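Working notes, beginning with the structure itself.
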Amino acid sequence: MATQPTVEELARRVADGPRGEFRSRLREELLRQPVEWLADELLARLPDDPSVPGPRPSREPRPAESDEDRSGRLHRIRSWQLDHAALDERVTRLTCWTRDRLEAEGLLRTPPPKGGPLIAPSHRSPAGEDLLREAKDLLYALLFGEPADGVALDRVARELLTLTLPRDKAHTVAFMLRAATEIGAVGTWQDPAGRANDERAPNLLFQIEYGEVAGELVGRGITACLRLVNDLEVNEQVLYGRMENVEESTLA
């Protein structure tokens, strides 16, 4: 017998349609579900003690990147003069890093197990801090970089990145959220070893449009950067991300 989907799974299902129709399509899907299921999903989001206010996901302010941090990030990106060849070199280099290599070479120092809390700066060497900064800078350049920022990429198609993050870790990528569509969700992943389940954990699901180049080098770069950010800081067992074509037409 098929199991009943969660609200998060329904949201992911309808997210494949036109962005402007997301709420109406999700509402239609919810209205098709049994009343008992809707009640269970609502109760799962309320505190056990009704006298203790529960979280209000849609009301909480988004984490924000300071003007100083953003200015520093743009200055570093401009110094790269990021064209296709320079991007290819960076993506190739960053892709070579794995969690095991980060620990073996001392960039990560006795970090908490994957699926646990954020990795604090005390668990990263100066080289680890530099690599994390580079991954975040490159991620910004790939998603938002323009010629004025020193990013000279021939973007020929529009893509949509869908990223799921635990609510209490979303601040680690605050710079990504300035142009994102935010959707509240709860986790459904369960660790087979029973160490780090995120079932019913409060998550945020973000969707960000970006421009892709021929050969999908931008997408490969995004994947490499997100993997490094997770290995060096976010520390999830599974960091959910999906990239898909928005429309077949080329960018104007």
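The values are calculated or read from the model by the stated rules, or taken from the named source; none is laboratory data. It should be emphasised that the depicted structure is a prediction, and the values quoted were computed from it without experimental measurement. Here the Cβ is made from the backbone with ideal geometry for all residues, glycine too, and neighbour counts use every protein chain on show. Side chains are part of the model used for accessible areas, which takes the heavy atoms of the whole protein and leaves out ligands, DNA and RNA. Shrake-Rupley method; radii C 1.70, N 1.55, O 1.52, S 1.80 Å.
Taking amide H positions as modeled 1.01 Å from N, with prolines and chain starts lacking one, the residues under 5 Å from residue 203 and 5 or more places away or on another chain are 167, 185, 186, 187. Whole-Hz Karplus values for the range 170-175 come out as 5, 5, 5, 10, 4, 5 Hz, taken residue by residue from phi with 6.51 cos²θ - 1.76 cosθ + 1.60 and θ = phi - 60°; glycine and proline positions read x. The phi-based Karplus calculation (6.51 cos²θ - 1.76 cosθ + 1.60; θ = phi - 60°) puts the 3J(HN,Hα) values of the range 73-82 at 5, 5, 4, 5, 5, 4, 5, 6, 6, 7 Hz, whole numbers, x for Gly and Pro.
Under a 1.4 angstrom probe, counting protein chains only, how are 78, 99 ranked by accessible area, largest first? Display every interim value, and only then the final one.
Values: 78 105, 99 30 Å².
Descending accessible area places them as 78, 99.
Close amide-amide hydrogen proximity is noted between residue 157 and 212, 251, each under 5 Å apart and 5 or more residues distant or on a separate chain (H modeled in the peptide plane; Pro and chain starts excluded).
For residue 240, the residues whose modelled amide H falls within less than 5 Å of its own, excluding neighbours fewer than 5 places apart on the same chain, are 164. When peptides 232-243, 85-96 are sorted by average Cβ neighbour count within 10 Å, with the highest value leading, the order is 232-243, 85-96. Each peptide in 211-218, 103-110, 31-38 was scored by the mean count of other Cβ atoms within 10 Å over its residues; highest first, the order is 211-218, 103-110, 31-38.
Placing a label point 7 Å from the Cα of residue 217 along the Cα-to-Cβ direction, the residues of the range 75-118 whose backbone N falls under 12 Å of that point are 82-92.
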